[in-house]
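Asker: First the structure, which I've put down as structure tokens, then a few questions once you've had a look.
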Amino acid sequence: MKNTSSAITVENLSKCYRIGLKEEMNDSIVKSLFGFIKSPIKNYRRYRSLYKFDDTESEVESPDIIWALKDVSFSVKEGEIVGIIGVNGAGKSTLLKILSRITDPTHGQATIRGKISSLLEVGTGFHQELTGRENVYLNGTILGMKKKELDRKFDEIVDFSGIDKFIDTPVKRYSSGMKVRLAFAVAAHLEPEILLIDEVLAVGDAEFQRRCLNKMEDVSHQGRTVLFVSHSMPAVTRLCPRTILLNGGGIAADGPSHQIVSIYMNSEKATKAERTWSGTDQAPGDDVVRLYSVRVRPEGGEVAEAVDIRKSTAIEIEYDVLQSGYVFMIYFHVVNDEGVEVFLSIDNDNAWRDKPRPAGRYLSTSWIPGNLMSEGIFFISPGIRTLNPNIRRLKAEDAVAFQIIDSQDGDTARAGFTGNIAGIVRPLLKWETEFGLRSGSPLA
């Protein structure tokens, strides 16, 4: 029977900091002299205020106080993998630092049940003059590993890091990527009951990031509790069944990952799946044709930034033909978040193919089949050309964006595999398996 007791319990957790305010400028020598005399007392009070927050209890707070977290409450069950997402400054790293006991909360409390390990700033604790081998033992000891445990795991750690050739070279001669590889390799081979991970996928090359992700998947399958902070939405939806969205230091949403990621992608500061140009002067185009709007709409739903990998997705291009008599070619480019062009699609509707169009508003819709694209973020750049004469009338670069999410449920090309599936497309192809064949003969 699965254990459902809480490994992490957070109750009304708050953390505030003091920020600098603009200094008052003196406009006379007398004021400057008077300020110089008062400065020792002023500086002492300023120093004391860095560690005292009595004014946070008042109804009107001081203007130099900022709340990194404010009344955050949630619990995480043993063996649960929870993602933490949000824009920069939402409070994600502050939350993990409090749970790691790096800093104390201003108010509230967090209860941790079990041995905890943190991957917050990979590489902290490395000594530049020591070799990689010596730093493995130093860093491992700092993280709570015993020498016998390090001896047993040393070869595995070095092999995972991929820098075995340089393991006896002083760390000061390592590149930043090599340091990150070795540091993560040490931390990843700990055996804590609770693991806190903060944006380790933001550093290192693509191959290193794949190793990190695969290692975290291994950890999740071993029944450990994991809090995973990341800006990589595909990684969050694949690793974490549940996600918490932070905004402005508070919890904006908490629930199934695909739903929370959809909320995040729909937020004001995220990419948009719909764009409309209100005025003719601002709309892309010329005196022949103007773009009005572009939308991404999942099959059977409204406009959305996050779509299920299994569902067909409509790309809707709405435009105004201002002059009659032209033959138009409507098209769009699809580019992923690494800048790779996935495909180009051209309008092949026979109803208007090679036919001049009268003036008026048109809506051209193209459907991307479900189980075709891989998970990730994709950008749509629509364009319109006229034929005879062959002139590009408009192109709107990265007009809209959307994310394809793999929920790992139902009929997908993943087929139960939970690891990383490389590639831009992920088609659900037909497979057949025959049993009972004799060597060199057809099925009996």
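Asker: Return the sequence-ordered ³J(HN,Hα) values of the stretch 98-109 in whole Hz as given by the Karplus equation 6.51 cos²θ - 1.76 cosθ + 1.60 applied to θ = phi - 60°, using x for Gly and Pro.
Answerer: Listing the rounded values in order: 5, 5, 7, 6, 6, 9, 9, x, 6, 9, x, 8 Hz.
Asker: With θ taken as phi - 60° and the coefficients 6.51, -1.76 and 1.60, list the Karplus ³J(HN,Hα) couplings across the stretch 316-327 in order, rounded to whole Hz; mark glycine and proline as x.
Answerer: So the Karplus estimates, Gly and Pro as x, are 9, 10, 10, 8, 10, 7, 8, 10, 6, x, 9, 9 Hz.
Asker: Net charge within 12 Å of Gly108 by Cβ-Cβ distance, Lys/Arg positive one each and Asp/Glu negative one each, not counting Gly108 itself?
Answerer: With Lys, Arg at +1 and Asp, Glu at -1, the neighbours total -1.
Asker: To continue, here is another question. Using amide H atoms built 1.01 Å from N in the peptide plane, name the residues 5+ places from Asp337, or on other chains, whose amide H lies under 5 Å from its own.
Answerer: Those qualifying (amide H under 5 Å, at least 5 residues apart or on another chain) are Ile377.
Asker: Along the principal axes of its C-alpha atoms, what lengths does the stretch 68-265 span, in descending order and rounded to whole Å?
Answerer: 48, 33, 29
Asker: In whole Hz and in residue order, list the ³J(HN,Hα) couplings for the stretch 378-385 that follow from phi through the Karplus curve 6.51 cos²θ - 1.76 cosθ + 1.60, θ = phi - 60°; x for Gly and Pro.
Answerer: For the stretch 378-385, the Karplus-derived couplings read 10, 10, 10, 10, x, x, 9, 10 Hz, x marking Gly and Pro.
Asker: Right, here's the next one. Past 21 Å, Cα to Cα: identify those pairs from Lys272/Lys395; Lys115/Lys215; Lys97/Lys147; Lys70/Lys97; Lys311/Lys355; Lys272/Lys311, in the order given.
Answerer: Violating the 21 Å limit, Cα to Cα: Lys97/Lys147; Lys311/Lys355.
Asker: Would you grab the residues whose amide H sits under 5 Å from the one on His127? Only those 5+ places off in sequence or on another chain, please, with H modelled 1.01 Å from N.
Answerer: Amide H to amide H, under 5 Å and 5 or more residues apart or across chains, His127 pairs with nothing.
Asker: Let me ask another. Cys16's amide H: which non-local residues (gap 5+, or another chain) put their own amide H closer than 5 Å, with H modeled 1.01 Å from N in plane and none for Pro or chain starts?
Answerer: Ala68, Thr106
Every number in this text was worked out from the coordinates using simple rules, so none of it is lab data. Not measured: the values here are computed from a predicted model. Neighbour counts are summed over all protein chains in view; Cβ atoms, including those assigned to glycine, are modelled from backbone coordinates with ideal geometry.
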